[in-house]
Amino acid sequence: MYRGEKLIGFTGLILCLTVFSACMMPIIRLEDQPPMALESAIRSLTHNLMIQVKNDMGLEDLLPVRENTLVIIDPFVDTYNNEIPRSSRKIENIMIVETAENFKSIDLDRMTSVNLPKADYVMNGTIRLESYQPPETAKAEVCYRVCASVVNLSTNIIVAHSEVRISDKDLDYRPIPIQEDSPMYPQDKILKSSAAIASGSVGMQADRNYYESLEAISILTEAETAYENADYEAALNLLQQAAARPDGQMMKTYAGLYSTYRKLERMEMAEEAFAKLLSVSVEKNKLMTVKFLFAVNAVDFWKDPDLKSQYQMWLRQIGRYFAKSPDCLRIVGHCSKTGTEKYNDKLSLERAIRIQELMKSEFPDIIARSKAEGRGFRETIKGIGTDDERDAVDRRVEFFVTECYPSDPVEKPKR
């Protein structure tokens, strides 16, 4: 039980005060705000959120003797690929400082399994790149948009929401280390629920499934921190705890185990973790988005011996899994939004066919039970064309699990 579940006294009067004070708050539309420097933007975001939290606290904030209200942060994720950018850590630190300096009755901290039972509120947030049109210029600019919501754990209702744009061009948008080393982009429904909560409106009921998984999520957050600090044994212990829980059966858990076993040079265990990651992804999502990195304008993999070794194992495990499965596959290649449409259609298809060919040894009837497709840049997720880590997800290869039907001939690239 979270501490927030015990704090339901004075409900009627608190509600009246909350509604009254909320009506007194000026509504600031994001459309009216230009992008700001990172620190100014996040301090503004935090201040707005904490005022709304104080409103929700109502009479409790006026009691002369009481414990500080605890708000815990579920690390902010990229809206599009569900990974945590490294800049999320800097955002958390700015928020914690702003809260400590200006809201003495509120403690803000990153979520852990230790502070979760004491928490009154949880904060969810997202970061994404988007196009911004300054009113004084004709040319659109790329900026970052940060959205955050706070949920009262006693009611599962969103009680605070705020958004800002960030003008900084050099945010560290690489994923945190454990996710940078992951073989797949996470597709867990729980992560998508967190992102939906972050963009939700005040008064909305948050997804109960997400909150029922908070204990597993808090353990995984601790594992991510241990991995960042190169304490791989501690990370492994935490990930094994998560894997032993029913609510820990997530891609995020087994991707973390894969990366941690590799760091500990336990390669057989890493391969077992990948097999479990593959199984969870297929059974729960019917989709895998694998991080194959290709050489520029080529169908060959990036010339990195360690990556090539990993790719061989990934393809071996994927091939073995589907050789034993009754399902069929669509293998879909994608490109980022640079170059001509015709060129990218051809290149993405050739890459998908290359993956198909590399799986033949483990999956002999792959040609009959799969179809290679090239989508070029027609299905970009970010579509910003920066050709760096910020739009890496646009250069992905996806495996869609389908039922087997009499299929059309495999699509061939146009020469």
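The values are calculated or read from the model by the stated rules, or taken from the named source; none is laboratory data. Note that the coordinates shown come from a computational prediction; the quantities given were computed from them, not determined experimentally. Here the Cβ positions follow ideal geometry from the backbone for every residue, glycine too, while neighbour counts run over all protein chains shown.
Here are a few things to note about the model shown:
- Residue within region 183-206 that is among the acidic types (Asp, Glu) and at pLDDT 95 or above present: no
- Ser361 being in a loop (DSSP other than H, G, I, E, B) and either on the phi < 0 side of the Ramachandran plot or not assigned by TED's automatic domain parsing to the domain that holds Ile127 (or both): yes
- Each residue in region 183-214 was checked for being among the polar types (S, T, N, Q) and within 27 Å of Arg396 (Cα to Cα), and 4 of them qualify.
- The lone exception for Tyr211 - which of (1) aromatic (Phe, Trp, Tyr); (2) within 26 Å of Val150 (Cα to Cα); (3) crowded, with 21+ Cβ neighbours inside 10 Å it fails: (3)
- For region 302-330, the set of residues classified as touching a Phe, Trp or Tyr at 6+ places or on another chain (Cβ under 6 Å) and outside any helix (DSSP H, G or I) consists of Leu329, Arg330, listed by residue number.
- Set side by side, the residues Ile219, Ile197 differ, and just one is crowded, with 20+ Cβ neighbours inside 10 Å and in the same structural domain as Ile73 (by TED's automatic domain parsing), which is Ile197.
- Filtered residue count, region 96-132, keeping only those that are among the β-branched types (Val, Ile, Thr) and buried (at least 18 other Cβ atoms within 10 Å of the Cβ): 5
- Region 273-313 - residue that is of a type in the set (Asp, Glu) and closer than 16 Å to Asp181 by Cα and, of those, surrounded by the fewest Cβ atoms within 10 Å (Cβ to Cβ): Asp306
- Given (1) of a type outside the set (A, V, I, L, M); (2) closer than 16 Å to Glu228 by Cβ; (3) touching a strand residue (DSSP E or B) at 6+ places or on another chain (Cβ under 6 Å), number of the condition Asp107 does not satisfy: (2)
- Flag for Gln249 being farther than 28 Å from Gln312 by Cα, touching a helix residue (DSSP H, G or I) at 6+ places or on another chain (Cβ under 7 Å) and outside the structural domain of Ile73 (by TED's automatic domain parsing): no
- For region 245-261, residues that are closer than 17 Å to Lys291 by Cα and touching an Asp or Glu at 6+ places or on another chain (Cβ under 7 Å) total 3.
- Cβ-Cβ under 8 Å pairs, at least 6 apart or on other chains, region 198-216 side on the phi > 0 side of the Ramachandran plot, far side surrounded by 21 or more Cβ atoms within 10 Å (Cβ to Cβ): Gly203/Ile158
- The lone criterion from (1) touching a residue at least 40 places away in the same chain (Cβ under 8 Å); (2) farther than 23 Å from Ile51 by Cα left unmet by Asn156 is number (2).
- Against the criterion of being modelled with pLDDT of 95 or more and assigned to a helix (DSSP H, G or I), Arg351 does not qualify.
For (1) of a type in the set (D, E, K, R); (2) over 21 Å from Met267 (Cα atoms), each residue gets a yes or a no:
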residue	(1), (2)
Asp304	yes, no
Arg320	yes, no
Cys328	no, yes
Ser336	no, yes
Lys346	yes, yes
Leu349	no, yes
Glu362	yes, no
Arg369	yes, yes
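- Total residues in region 244-265, condition closer than 19 Å to Glu224 by Cβ and surrounded by fewer than 21 Cβ atoms within 10 Å (Cβ to Cβ): 8
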